[in-house]
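Just below is one structure, and these are the notes that go with it.
Every read-out reported here was derived from the displayed coordinates using simple, explicitly stated rules and does not represent laboratory data. Because the structure is a prediction, the values reported are computed rather than measured. With ideal geometry, Cβ positions are generated from the backbone for all residues, glycine too; neighbour counts draw on all protein chains shown.
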Amino acid sequence: MSRRKLVVGNWKMNGMRAHLDEVEAIGRVAAAHPAVEVGLCLPATLIMAGSERRGAAFIGAQNCHMDISGAYTGSLSAEMLLEAGASWVITGHSERREARGETNADIAAKSAAAHRVGMKVILCVGETLEVRDAGQAEEVVAAQLLASLPEGASADWLAIAYEPIWAIGTGRIPTMEAVAEMHAALRAALASRIGAAEADAMRILYGGSMNGDNATDLLAIADVDGGLIGGASLSATKFAPIIEAADQRMAAAA
Ligand code: PEP
């Protein structure tokens, strides 16, 4: 199965209108590499303006509420984000699981809510350093994935991001063997729930300190179908080498 590489930036709580030039520049890099699906998950304040300057990149959001509307001060529904211009949304990022206490059930509900309005979803999972050091990473992350997976999960609208928590923003990454083993374990877990054909079609991204120096090696791993990138997605100069590395992998696999 050949899966189109998906390379997505997560700007987190970064970006003002002055940074829309970077959105535009990244959109141009995306246009130059049509074999790769490229997106930017912007802070909500930039989604509308960003979607007008996105070029060939899609715009995504970083979170959504699980309900359509209601008395949820400060929250945004998937439908609102879609109307603003976000076609994708990240769910289950560890920064929300940990700091906001989001549970696997919340994440499944948010993912399903996004799908109901026609958005695509990147569902994040990942282990702490304690879990990795205890040799339980694959077992724990596979269980987290199955518990967060929404009803009707399908490769048409859902991608998974494996993001070891200890690798996010730290400059540290797991060994290539560990990434390969985890992605294979996650695909096997998916197959047990949604069937081998659907699991084979679903993209599993790696996230955690991916950059222009390590992207070629990470994206060469058989079950790594792209990246979710924080720091290195904030400028076109740093993001472009990752998109180029993904494009080269697509060409090599063709
Ligand atoms: C992330 O937060 O999703 C992420 C992968 O961040 P970074 O690339 O900065 O480690």
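Here Ala253 clears all of (1) farther than 28 Å from Ala105 by Cβ; (2) small (Gly, Ala, Ser); (3) within 16 Å of the chain's Cα centre (by Cα); (4) surrounded by fewer than 23 Cβ atoms within 10 Å (Cβ to Cβ) except the condition numbered (3). Looking at the stretch 31-50, is at least one residue assigned to a helix (DSSP H, G or I) and under 22 Å from Ala245 (Cα atoms)? Taking every residue of the stretch 31-50 in turn, at least one turns out to be assigned to a helix (DSSP H, G or I) and under 22 Å from Ala245 (Cα atoms).
Screening Ala159, Ala142, Ala178, Ala222 for residues that are aliphatic (A, V, I, L, M) and part of a loop (DSSP other than H, G, I, E, B) leaves exactly one candidate, Ala222. Restricting attention to the stretch 156-166, the residues being touching a Ser or Thr at 6+ places or on another chain (Cβ under 7 Å) and loosely packed, with under 14 Cβ neighbours inside 10 Å number 0. Beta carbons closer than 8 Å, at least 6 apart along the sequence or on distinct chains, pair a first residue in the stretch 223-239 that is touching a residue at least 40 places away in the same chain (Cβ under 8 Å) with a second that is within 7 Å of the ligand (Cβ to nearest atom) and β-branched (Val, Ile, Thr) for Gly230/Ile168; Phe239/Ile229.
Could you run through the stretch 89-116 and say how many residues are over 20 Å from Ala153 (Cα atoms) and aliphatic (A, V, I, L, M)? Residues in the stretch 89-116 being over 20 Å from Ala153 (Cα atoms) and aliphatic (A, V, I, L, M): 1 in total. Each residue in the stretch 21-43 was checked for being closer than 20 Å to Lys120 by Cβ and buried (at least 16 other Cβ atoms within 10 Å of the Cβ), and 13 of them qualify.
Just one of the numbered conditions (1) surrounded by 18 or more Cβ atoms within 10 Å (Cβ to Cβ); (2) assigned to a helix (DSSP H, G or I); (3) among the hydrophobic types (A, V, I, L, M, F, W, C) is not true of Val121: (2). When residues in the stretch 167-189 are screened for being buried (at least 16 other Cβ atoms within 10 Å of the Cβ) and more than 16 Å from Gly227 (Cβ to Cβ), 4 of them pass.
Residues of the stretch 65-92 that are assigned to a loop (DSSP other than H, G, I, E, B), within 21 Å of Val8 (Cβ to Cβ) and touching an Asp or Glu at 6+ places or on another chain (Cβ under 9 Å): Gly85, Gly92.
Per the listing Leu129, Leu146, Leu81, Leu123, the residue uniquely more than 16 Å from the ligand (Cβ to nearest atom), under 22 Å from Gly230 (Cα atoms) and touching a helix residue (DSSP H, G or I) at 6+ places or on another chain (Cβ under 7 Å) is Leu81. Taking the stretch 216-239 as the range and being aliphatic (A, V, I, L, M) and either under 16 Å from Val125 (Cβ atoms) or within 15 Å of the ligand (Cβ to nearest atom) (or both) as the test, the residues that pass are Leu218, Leu219, Val224, Leu228, Ile229, Ala232, Leu234.
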